[in-house]
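Throughout, read-outs are computed from the coordinates displayed, never taken from laboratory work. Note that this is a predicted model, so its numbers are computed, not measured. No Cβ is skipped: glycine too gets one built from the backbone with ideal geometry, and neighbour counts run over all protein chains shown.
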């Protein structure tokens, strides 16, 4: 919970200071590429967790149990 609150606070502070940034916003292509890359990364990580959870070892299935809680 603490890390979630700190992350939310950081996002809000960065959003308020966005007008002072020298970074340009992403184009539509950049947004689409970032979305696809993010979904592929999350899918890959979940796939790895799922694979190791299916091996039968109770310690390797712990991350899947935590995600399921």
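Tabulated data
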| quantity | calculated |
| --- | --- |
| The chain: translational diffusion in µm²/s, Stokes-Einstein, Kirkwood Rh over Cα pairs, 4 °C, 1.567 mPa s | 84 |
| By average C-beta atoms within 10 angstrom, highest first, the peptides 38-46, 12-20 | 38-46, 12-20 |
| Peptides 50-60, 21-31 ordered by average Cβ neighbours within 10 Å, highest first | 50-60, 21-31 |
| Two-site FRET efficiency, residue 6 against residue 57, from Cβ-Cβ distance with R₀ of 35 Å, rounded to 0.05 | 0.60 |
| Nearest-ten-degree value, helix 28-53 long axis tilted from longest Cα axis of the chain | 20 |
